Amino acid sequence: MPNLSVDGFDLEFPEGWTVGKFDDWKFYRERFFKVRDHLKAMDVIAVCPDRVVYLIEFKDYRGRKREKAETVEEEFIGKSLSTLAALLPAKCNAREAQEQTLAGKALSATKLRLVLHLEQSKPGNKLFPPVTEAAALTQKLRNKLKSIDPHIRVCNSETMANLPWTLR
């Protein structure tokens, strides 16, 4: 089974999946990132045997405050769009075979899913208040990105039901 460690999360994907940490790809870091300012990257690209590609972003604000000026919504949208824009050039021009292969599999997918895994402190925590309200964030993202994925998921470790991977 493919496993990944991402930002303190240990993930286990089902057998037959092709997965990679997109924001660690040499193609992204050394070439695509330099195209223009403000390009961002999703944490994980995962393609299942049924040709569904998942772009997954992990954020953990438990016990810490968000220090970025942009909202979680704006950041997720930017990461989604930048990652999608990088896939075709990566398929054609990546120097690493596994990056080129995963980009090709992602581009041959028949369905695209966007997932934001957002851990935050519980409501009422005065020292580290929640960054956003998950249901409102989900609705905003679905309204803005419905042409890409009308069923965007915002989840945390307690609400991961119906997602095909597990946290270890």
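Laboratory data are not the source of any read-out in this text; all were calculated from the coordinates shown. Every value quoted in this text rests on a predicted model; they were computed, and no experiment measured them. Cβ atoms come from the backbone with ideal geometry, glycine included; neighbour counts cover every protein chain shown.
Sort region 1-94 into rounded, prolate or oblate with this rule: let a ≥ b ≥ c be the square roots of the eigenvalues of the Cα gyration tensor; rounded if a/c is under 1.5, and if a/c is not under 1.5, prolate when a/b is larger than b/c, oblate otherwise. Each step should come with its number before you reach the end.
Details: a/c = 1.94, a/b = 1.11, b/c = 1.75.
In terms of gyration-tensor shape, oblate.
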Checklist outcome for this item: For 42, 1, ascending order of other Cβ atoms within 10 Å (fewest first) is 1, 42
Checklist outcome for this item: Phi angles of region 85-92, converted by Karplus (6.51 cos²θ - 1.76 cosθ + 1.60, θ = phi - 60°) into ³J(HN,Hα) in whole Hz with x for Gly and Pro, give 5, 7, 5, 5, x, 5, 4, 8
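So how do 71, 138, 110 line up by other beta-carbon neighbours within 10 Å, fewest first? Could you put the intermediate results ahead of the total?
On the way: 71 14, 138 19, 110 8.
Ascending Cβ contact count within 10 Å gives the list 110, 71, 138.
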Checklist entry - lysines within cross-link reach of residue 21: Cα-Cα under 23 Å, excluding same-chain residues under 8 positions apart? => result 34, 40, 59, 68, 79, 91, 105, 111
Checklist entry - Which label marks the calculated value of semi-axes √(5λ) of the Cα gyration tensor in Å, given the options [x] 26, 18, 15; [y] 63, 19, 14; [z] 23, 20, 16? => result [x]
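Calculated FRET efficiency, residue 151 and residue 85, Cβ-Cβ r, R0 30 Å, to nearest 0.05?
Numbers: r = 22 Å, r/R0 = 0.72.
FRET efficiency, residue 151 to residue 85: 0.90.
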Checklist outcome for this item: Reduced to Cα centres, the span from region 15-88 to region 116-146 in Å works out to 18
Checklist outcome for this item: Here region 102-113 yields Karplus 3J(HN,Hα) values (6.51, -1.76, 1.60; θ = phi - 60°; whole Hz; Gly and Pro given as x) of 5, 4, x, 5, 4, 6, 8, 5, 9, 8, 10, 10
Checklist entry - What ranking of 21, 59 emerges when the number of other C-beta atoms within 10 Å of each C-beta is taken as an exposure proxy, fewest first? => result 21, 59
Checklist entry - Normalised by the number of residues in the chain, what is the relative contact order in percent for Cα pairs under 8 Å and 6+ residues apart? => result 26
Checklist entry - In degrees, nearest 10, range 0 to 90: what is the angle between the Cα axis of helix 134-145 and the longest Cα principal axis of the chain? => result 40
Checklist entry - Straight-line reach from residue 126: which lysines have a Cα under 16 Å away, not including same-chain ones fewer than 8 places off? => result 65
